[in-house]
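Heads up: the structure comes next, in structure tokens.
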There are 2 protein chains.
Amino acid sequence: MRIGLSRAEYARRRQAVLDLMREKEFGAFVFFNSTNIFYLTGFAFIPTERPIALILSADGRKTIFVPRLEEEHAREFDEIDDVQCYPEYPGKTHPMNLLAEILVKMGAAKTTVGADADGYSSPQGYRGPKLSEALSPGKMEVVRDFISELRAIKSPEEIALIRESARWGNLAHALLQEYSLPGRTEDEISMRASMEATIAMLRTLGDSLPRGSSTRTGAHAGFRGQVGPNSALPHAVSINAVLKTGDVLVTGATANVAGYSSELERTMFVGEPNAVQRKFFTLMKQAQEIAFEAIRPGRRCSEVDDAVREFFEKEKLWDYWRHHTGHALGLLGHEAPFFDTGDDTIIRPGMVFSVEPGLYVPGVGGFRHSDTVVVTEDGIDFITYYPRKLDKLICGVK
Amino acid sequence: MRIGLSRAEYARRRQAVLDLMREKEFGAFVFFNSTNIFYLTGFAFIPTERPIALILSADGRKTIFVPRLEEEHAREFDEIDDVQCYPEYPGKTHPMNLLAEILVKMGAAKTTVGADADGYSSPQGYRGPKLSEALSPGKMEVVRDFISELRAIKSPEEIALIRESARWGNLAHALLQEYSLPGRTEDEISMRASMEATIAMLRTLGDSLPRGSSTRTGAHAGFRGQVGPNSALPHAVSINAVLKTGDVLVTGATANVAGYSSELERTMFVGEPNAVQRKFFTLMKQAQEIAFEAIRPGRRCSEVDDAVREFFEKEKLWDYWRHHTGHALGLLGHEAPFFDTGDDTIIRPGMVFSVEPGLYVPGVGGFRHSDTVVVTEDGIDFITYYPRKLDKLICGVK
């Protein structure tokens, strides 16, 4: 078994950039975004205050610009032709000026240079000139969203990785459910389930995973603070709550497989749910099913959210509305486009989305399932497959 | 026992911003950076494609601008006076335009508005206008690094949190060393040590930790791929290596306590090290001690790195040099300033740094200790306290 992307897949991605470059007459394209660099080369690194950039030349050559400490690491990647180092950040000469020198040496500064951003940015203490300043009088043009638009349509190889992610997210979630017993703390349950699923994943996939393909390989399942009444906060953070009989739980599970992830979330109950909890669970599940039905290639993303919003209107549920219906995902947990009333992107085959309308009832709890689906020629296929029905989501009952 | 920051600490931080605002005649200051918002209010949230901004008015009022899904969450924080919501991103009206409307309503648009960035940014599918565009014809001025400069000098309360972090990083590291036996995989060792230290930390600190004060509470220790010859890559990523007798290990341990972290790294050996390994260990330890001696308030950060570089020169070690001597840390793992030959920032009491010159020998391994120190009136105090001597860092030998 081999897990990962073919060299043809990387070549196809870069060809799309090269086509854009020809159209725009760019002599080179500079990528600063670490996800974009990973997408085009498979080079996974820890982003810090030290700038890293990928230069794609018009002749297809891939040059990576890294601090000295990444030189040997970058050389391990087949999809990189040339590694150019600067000593260190901040250093005696600012790395952005050294990058500009390389572009001048390549002859790219005689043309317009494309870039995914006008320079590097990092919250970790980086300061520096814009690339346009460092390159002046050379010309530069920012084309910000080109790669994220490419990334929105997943290839069969990418979908296979997201499906592999879902297998291990599913295992982590099954363990999470098994360990969700009254008296236990959320962090302990989450850490045990995540660790055991990760060990199983690494033992199973072993060397078939591409070496060093992600900075965060492994499976994870948890509650992130959505335990009991606190589950009414859609983006709670962990409070290390102790589970009690009667609690509503909102979970999340995923796994990182060669850089790709899936999203699985379930509403569960510690012991038998009461009538109010059952009511909101049923409504949430109906809302999700309306969303599944609404996703069709050729429709707009907004139509999916609008269908769910109609249901909120009809059932008088606005008091419990907190967010839109879903988002794309793949290399990042959240990606554009969004199932949002304001997003008119056309849904296309190969797009991968979370589907997760939620109801949040103060004092009672949150109700949200999230499933990952891939758009097909005529509807959707499910990528996540954990049980969705209430009677399968009661914890602590054999 | 109570762990966390006093309200006076938050007030002091905001007063520094208010002083700047008075000087620059700003009617309001807008913060988009999530670390800056946490620093000024204690509000820890999961940053996504949905913009979040803190508005500090000239009269000291703190207004947070959040998507609907964060409304109840934001209301839990005492340091926030007012919560203003937008429905969702992208939504029918772009949130940046709604934020501009709020600033106009506040009267701030009649003055110049300060901001830590000209609008929101996120890799997770966010697109939008600059704040200056949304606010036009109102005036705006970006003051990018003001808060990171404030953050560079830690208060006694902050240093206490970093010391608390070091206790739990130390425990995680002790467990990591205990579990580092031949035949085990790095991820399994790391996950077990991290889980057990986190459980101990949460049971010990319990409710004395401020509720929801971080999105990543807990202790961690691991190798991040720096096992055996692969340890010669300073920023390796995990390859789930199996530990073997004779391996050099480079470790890292920390814990997140109310948002603050420390940094502890050690060079260890699986079984008795050979003569070459001992030689490089000794040189690395000498380089670190030279750095400790060089850190004095009033000197420049560059002088610390220059002292270490002199040692590299004298001992002819340049082939093994990969990075500068250290960095500040606190709310983020890497912060400015840096112990780097190009950073002439004056060292001041209250600054907290990692001290971690390293030697990286291809085919042999990496040699790096990292300790966290705080600058005092006349030198440094150690925050990390794990043994540094070789005979204490041999794994699998009783």
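The values are calculated or read from the model by the stated rules, or taken from the named source; none is laboratory data. Quick caveat: nothing in here was measured; it's all calculated off a predicted structure. Backbone-built Cβ (ideal geometry, glycine too); neighbour counts: all protein chains shown. These accessible areas exclude ligands, DNA and RNA; they are computed on the full protein's heavy atoms, side chains included. Shrake-Rupley method; radii C 1.70, N 1.55, O 1.52, S 1.80 Å.
Close amide H partners of residue B:340, meaning residues 5 or more places away or on another chain with modelled amide H under 5 Å apart, are B:302, B:305. Buried on complex formation within the stretch B:187-220 (loss of at least 40 square angstrom of accessible surface versus the isolated chain, 1.4 Å probe, ligands and nucleic acids ignored): B:188, B:191, B:195, B:199, B:202, B:211.
Averaged over every viewing direction, what's the projected area of the C-alpha convex hull for chain A? Give it in nm², one decimal, please.
Dividing the Cα hull surface by four gives the mean projection, 20.6 nm².
Within the listed set A:249, A:329, A:20, the residue fluctuating most in the Gaussian network model of chain A (springs between alpha-carbon atoms under 10 angstrom) is A:20.
Note down the net charge around residue B:139, summing +1 for each Lys or Arg and -1 for each Asp or Glu among other residues with Cβ under 14 Å from its Cβ.
Values: positive: B:24, B:110, B:130; negative: B:25, B:118, B:133, B:141.
For residues surrounding residue B:139, the net value is -1.
So which DSSP H runs in chain B come out at 24 Å plus along the axis (Cα) with average Kyte-Doolittle of at least 0.0?
Numbers: long enough: B:7-24 (26 Å, -1.26); B:156-179 (35 Å, -0.28); B:186-205 (28 Å, 0.08); B:275-294 (29 Å, -0.03).
Within chain B the helices that satisfy the rule are B:186-205.
Only protein heavy atoms count here; under a 1.4 Å probe, residue A:106 has an accessible surface of about 80 Å². For residue A:279, the solvent-accessible surface with a 1.4 Å probe is about 110 Å², rounded to the nearest 10.
In the context of the full protein assembly, residue B:395 retains an accessible surface of approximately 0 Å², using a probe radius of 1.4 Å and ignoring ligands and nucleic acids. Checking the cross-link pairs A:244/B:62; A:279/B:105; A:105/B:279; A:130/B:154 against a 32 Å limit on the alpha carbon distance flags A:244/B:62; A:279/B:105; A:105/B:279 as lying beyond it.
The distance between label points at residue A:344 and residue A:310 comes to 1.9 nm (points 7 Å beyond Cα on the Cα→Cβ vector). In nanometers and ordered shortest first, the copy-to-copy spacing of the residue A:123 label point, defined 7 Å from Cα toward Cβ, is 1.3. To put it simply, the accessible area of chain B at a 1.4 Å probe is 49 percent carbon and sulfur. The distance from the alpha carbon centre of the stretch B:1-65 to that of the stretch A:202-268 is 30 Å, rounded to a whole number. The simple spin-label model puts a point 7 Å past each Cα toward its Cβ; for residue B:127 and residue B:20 those points are separated by 3.2 nm.
Which percent, to the nearest 5, of DSSP beta bridges fully inside chain A are antiparallel? Walk me through the intermediate numbers first.
On the way: 37 of 52 bridges.
Of those bridges, close to 70 percent are antiparallel.
Sorted by accessible area (1.4 Å probe), largest first, how do A:334, A:327, A:220 line up?
Values: A:334 30, A:327 5, A:220 95 Å².
Descending order: A:220, A:334, A:327.
If you place +1 on the Cβ of every Lys and Arg and -1 on the Cβ of every Asp and Glu, how big does the dipole about the Cα centre of the stretch A:7-150 come out, in debye to the nearest 20?
On the way: 18 positive and 22 negative charges, 54 e Å.
Charge dipole, the stretch A:7-150, about its Cα centre: 260 debye, nearest 20.
Per residue, the stretch A:260-398 exposes 37 Å² of accessible surface when a 1.4 Å probe is rolled over the protein heavy atoms with every protein chain present. Among B:162, B:239, B:37, the residue with the largest mean-square fluctuation in a Gaussian network model of chain B, with springs joining Cα atoms closer than 10 Å, is B:239. Buried accessible surface for the B/A chain pair comes to about 5400 Å², total over both chains, computed with a 1.4 Å probe.
Candidate cross-link partners of residue A:314 among the aspartates and glutamates, defined by an alpha-carbon separation under 17 Å and a same-chain spacing of 8 or more, comprise A:289, A:303, A:305, A:306. Highest mobility in the GNM of chain B, judged by mean-square fluctuation with C-alpha springs under 10 Å and restricted to B:236, B:115, B:160, is found for B:236. For the protein assembly as shown, the antiparallel share of DSSP beta bridges with both residues in that region comes to about 70%.
Per residue, the accessible area of the stretch A:7-150 comes to 40 Å² when a 1.4 Å probe rolls over the protein heavy atoms.
Sorted by accessible area (1.4 Å probe), largest first, how do B:213, A:132 line up?
On the way: B:213 15, A:132 40 Å².
Ranked from most to least accessible, the order is A:132, B:213.
Within the stretch A:253-273, which residues have the backbone N less than 19 Å from the label spot 7 Å out from residue A:289 along Cα→beta-carbon, could you tell me? Only A:265-268 fall inside the zone, counting backbone N under 19 Å. With contributions of -39500 (n - 2.57) from each DSSP H run of at least four residues, the per-residue ellipticity at 222 nm computed over chain B stands at -10500 deg cm²/dmol. Spin-label pair residue A:382-residue A:61: with each label point 7 Å from Cα along the Cα-Cβ axis, the two points sit 5.2 nm from one another. Annotation: amide H-H contacts under 5 Å for residue A:335 (H modelled 1.01 Å from N, sequence separation of 5 or more, or interchain): A:328, A:329. Pop the C-beta distance of residue A:200 and residue B:200 into the FRET formula with R0 = 25 Å and round what comes out to the nearest 0.05. E(calc), rounded to 0.05, equals 0.50.
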